[in-house]
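The values are calculated or read from the model by the stated rules, or taken from the named source; none is laboratory data. This structure is a prediction, so every number in the text was calculated from the model and none was measured. No Cβ is skipped: glycine too gets one built from the backbone with ideal geometry, and neighbour counts run over all protein chains shown. Ligands, DNA and RNA are excluded from the accessible area calculation, which covers all protein heavy atoms including side chains. Shrake-Rupley method; radii C 1.70, N 1.55, O 1.52, S 1.80 Å.
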Amino acid sequence: MPRLSNAAPSVATAVRAINKKDITQFISTFADNAVLIDEGRQHAGITEIQEWCQKGLIDHNASVDVKKVSEIENQTVLYLIMDGDFVADYGITEPFPLYFEFILFEDGKIQSLMITDWDSSKLSMKAVWANHGDIEDPISTIRIAPRPQQIPPPGWTRVKMHAVGLNYHDVFSLRGLGMYSLAFPLILGCEGAGVLDDGTEVLLYPVMGDSNYRGDETLDPKRHVFSELTNGTLAEYVIAPQRNVILKPKSLSAISASVLGVAWLTAYRMLFTKSGLRAGQIMLVQGSSGGVTTALIQLGSAAGMRVWCTGRTAEKRELALRLGAEKVFEAGEELLQKADAVFDTSGNVTWGHTMASVKAGGTIVTCGGHSGVIPPIDLRAIFVNQVNIRGSYLGTSEEFRDLIAFVVAKNIKPHIGLILPFDQADIGFQRMVDGKTNGKIVVTFQ
C-alpha cells in the first residue's frame, strides 16, 4: 500500500493492522482516551474501540485499499475503499468508499478516528441528526457528530446557529414520519436563532415553499419546514432562503428567539387568527407544560383572555398558574362553565373532554395529534351545538413578525424549561418522548 508512506506512522500502522486482522496492533496506535466515531456513534476509550474493531472489522473480514492521503498539521484524512462480508448485516454486496479522519496527539498516538461517507477533509460542522427512522425507538436513531457544511445556493444565506428549540416535529422525524418521504441522514431542527457572517443577529421563519407563491405561506401546496425537504437547524451552520431570515430585536435574547418559530408561532395563529376570541372570554388549553400549551397560556394572559387549562400533575398545573392561567383543572375534570374556545394539541386522549368543554357556538382549534389523530367524534354534538372546529398549522411570515412585535411590546419571556448543550440534545428528545417537558427545551451551540 505505497500511498501510506505519506501518512503518519500510527495511521499507517492502524491501516495495515486492519488488513492483517491484527486487533492488538490496531489498538496499540490509539491513546488511552481516544474516541472513534462511526456512523455518528461514539466509541470512547480503548475497550470500546477494541469492541468496535472486533465487531465492525474482524467479524466482517474487512479490508481497506487506501486511494488518497491528505495531511494538514495533526489531521490525516484517508480516502479508501472498504471490502468485506457485509451482506448479512448491512446488505452491502460491493466494495464501498469511506473517509477515515485521524487526529493525532503530539506524541503521534491517535486521539480520534472519524469514519464518514463524505470527505471530512473539507469544511464540517457540529450537528444533531437522524441516521434513519425508527417508529418504536426514535431516540436510538439520533447521532451527535459532524456533518459536511452546505454551500448556500443563490437566494440563500448562511446562519451560524446560537440556539435551537426542540419540537415534537423532530420526534416524528426520528420515527420516520412526516408530510414527505424523509431522506436520511437528516439534520433535525425546525427553528432557531443565530448570526449572519457579518454578525447580524437573526431568527428563522420556518415555512419554506414555492418562491413564486403569493399569499398565506401555510397554504402553499409546496410548503415544508426545515428538516423535511432540507436539512434542519440543529447544526452549527444552517443555510436558509433569505426571505426566511428575520432580524432579531436587540431586546430579545437568542434563547427566547429560538423558540418562536414553531410552538409560539403555532400558538399565536391558533389564538389570534383561528379562535375568534376577544379579551375577557374563556379559553381552555388542554395541557400546561408543552411548548404550544405554555405559549398559549402566556399569549392568552398577555392579551387579556381568561386562561383555563388542564394538567396531569400538580406540578404541571402549578406551572400554568405561574405563567398566567386563571384556573387549572385535572385532566378530564369537568369545568365550572363551558369555554368560548378550546385549544387541543393532543388528539385522541383529550378530544372527548375538549368536545364536552366547549360551549354551544364555540370554537375548537387543533394543531396536533401526539396521542393519536383519529379521535372518536359524535357529529350530533358538532352540528346541534354548532361547534366550529378549526385546524391550524404554524403561521404566515406576517404573523411571525407580529408575534415577535407582540412578545417584545408585552415584555413576554417565553418559558424555557430546559437548556442543554448541543451534545446533550438526545436528553431533551428523550424528555419529550417520555412526556416530561416543563416548557420548551432549547439546545445551544455557543
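Name the helices (runs of 4 or more DSSP H) wholly within the stretch 232-302 that hold at least 2 residues that are over 25 Å from residue 387 (Cβ atoms) and in contact with a Ser or Thr (Cβ under 9 Å, 6 or more places away or on another chain)?
So the answer is 254-257, 291-302.
Does the stretch 269-306 hold any residues that are modelled with pLDDT of 95 or more and farther than 22 Å from residue 393 by Cβ, and which are they?
Within the stretch 269-306, 278, 279, 280, 281, 282, 301, 302, 304, 306 meet the criteria.
Within the stretch 369-384, track down each residue that is on the phi < 0 side of the Ramachandran plot and either in contact with a helix residue (DSSP H, G or I) (Cβ under 9 Å, 6 or more places away or on another chain) or aromatic (Phe, Trp, Tyr) (or both).
Within the stretch 369-384, 369, 370, 371, 373, 374, 375, 376, 377, 378, 381, 382, 383 qualify.
Going through the stretch 86-103 one residue at a time, which ones are exposed (fewer than 11 other Cβ atoms within 10 Å of the Cβ) and in contact with a helix residue (DSSP H, G or I) (Cβ under 7 Å, 6 or more places away or on another chain)?
Listed by number, the list holds a single entry, 93.
Within the stretch 307-328, is there a residue that is within 19 Å of residue 367 (Cα to Cα), touching a helix residue (DSSP H, G or I) at 6+ places or on another chain (Cβ under 8 Å), β-branched (Val, Ile, Thr) and at pLDDT 95 or above?
Start the filter on the stretch 307-328 by keeping residues that are within 19 Å of residue 367 (Cα to Cα), which leaves 307-311.
Now narrow it down to the ones that are touching a helix residue (DSSP H, G or I) at 6+ places or on another chain (Cβ under 8 Å): 307, 309-311.
Still in the running and β-branched (Val, Ile, Thr): 307, 310.
Keeping just the survivors that are at pLDDT 95 or above gives 307, 310.
So far as the stretch 307-328 goes, yes, one or more of its residues are within 19 Å of residue 367 (Cα to Cα), touching a helix residue (DSSP H, G or I) at 6+ places or on another chain (Cβ under 8 Å), β-branched (Val, Ile, Thr) and at pLDDT 95 or above.
Do we have residue 239 as surrounded by fewer than 18 Cβ atoms within 10 Å (Cβ to Cβ) and β-branched (Val, Ile, Thr) here?
Taking the combined requirement at face value, the residue satisfies it.
For (1) basic (Lys, Arg); (2) closer than 19 Å to residue 116 by Cα; (3) touching a residue at least 24 places away in the same chain (Cβ under 8 Å), each residue gets a yes or a no:
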position	(1), (2), (3)
21	yes, no, yes
39	no, yes, yes
65	no, yes, yes
79	no, yes, yes
83	no, yes, no
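Out of 298, 281, I need the residue that is polar (S, T, N, Q) and closer than 21 Å to residue 355 by Cα. Which one?
281
From the list 123, 113, 177, 196, pick out the single residue that is modelled with pLDDT under 95 and over 19 Å from residue 225 (Cβ atoms).
Selected residue: 123, the only one of 123, 113, 177, 196 that is modelled with pLDDT under 95 and over 19 Å from residue 225 (Cβ atoms).
So, of the residues in the stretch 323-361 that are part of a strand (DSSP E or B) and open to solvent by less than 20 Å² (accessible area, probe 1.4 Å), which turns out to be nearest to residue 373 (Cα to Cα)?
Just the residues of the stretch 323-361 that are part of a strand (DSSP E or B), to begin with: 327-330, 339-344, 347, 358-361.
Retained after the next criterion (residues that are open to solvent by less than 20 Å² (accessible area, probe 1.4 Å)): 329, 339, 341-344, 347, 358.
Values: 329: 24, 339: 23, 341: 20, 342: 17, 343: 15, 344: 11, 347: 6, 358: 19 Å.
So, considering only residues that are part of a strand (DSSP E or B) and open to solvent by less than 20 Å² (accessible area, probe 1.4 Å), the one nearest to residue 373 (Cα to Cα) is 347.
Go through the stretch 143-176 and report how many residues are among the hydrophobic types (A, V, I, L, M, F, W, C), over 14 Å from the mean Cα position of the chain (by Cα) and open to solvent by 40 Å² or more (accessible area, probe 1.4 Å).
Residues meeting the conditions: 2.
Surrounded by 18 or more Cβ atoms within 10 Å (Cβ to Cβ), in contact with a strand residue (DSSP E or B) (Cβ under 7 Å, 6 or more places away or on another chain), among the aliphatic types (A, V, I, L, M) and under 27 Å from residue 178 (Cβ atoms), is that true of residue 373?
Answer is no for this residue.
All but one of (1) touching a residue at least 12 places away in the same chain (Cβ under 8 Å); (2) more than 26 Å from residue 178 (Cβ to Cβ); (3) in contact with a helix residue (DSSP H, G or I) (Cβ under 6 Å, 6 or more places away or on another chain) hold for residue 141; which doesn't?
It fails just one condition, (2).
Within the stretch 397-404, can one find any residue that is more than 26 Å from residue 247 (Cβ to Cβ) and either of a type in the set (Gly, Ala, Ser) or buried (at least 18 other Cβ atoms within 10 Å of the Cβ) (or both)?
No, the conditions are met nowhere in the stretch 397-404.
Residues that are in a strand (DSSP E or B) and surrounded by fewer than 17 Cβ atoms within 10 Å (Cβ to Cβ): does the stretch 117-133 have at least one?
Scanning the stretch 117-133 turns up no residue that is in a strand (DSSP E or B) and surrounded by fewer than 17 Cβ atoms within 10 Å (Cβ to Cβ).
Do we have any residue at all in the stretch 417-437 that's in a strand (DSSP E or B), closer than 18 Å to residue 287 by Cβ and among the β-branched types (Val, Ile, Thr)?
No; the residues of the stretch 417-437 include none that is in a strand (DSSP E or B), closer than 18 Å to residue 287 by Cβ and among the β-branched types (Val, Ile, Thr).
In the set 195, 207, which member is surrounded by 17 or more Cβ atoms within 10 Å (Cβ to Cβ) and of a type in the set (Val, Ile, Thr)?
Testing whether each residue is surrounded by 17 or more Cβ atoms within 10 Å (Cβ to Cβ) and of a type in the set (Val, Ile, Thr) leaves just 207.
Go through (1) of a type in the set (A, V, I, L, M, F, W, C); (2) in a loop (DSSP other than H, G, I, E, B); (3) under 17 Å from the mean Cα position of the chain (by Cα) and name the single condition residue 412 misses.
(3)
Give the number of residues within the stretch 218-236 that are open to solvent by less than 40 Å² (accessible area, probe 1.4 Å) and of a type outside the set (S, T, N, Q).
9
With respect to residue 271, determine if the residue is in contact (Cβ under 8 Å) with a residue 40 or more places away in the chain, open to solvent by less than 10 Å² (accessible area, probe 1.4 Å) and not small (Gly, Ala, Ser).
Taking the combined requirement at face value, the residue satisfies it.
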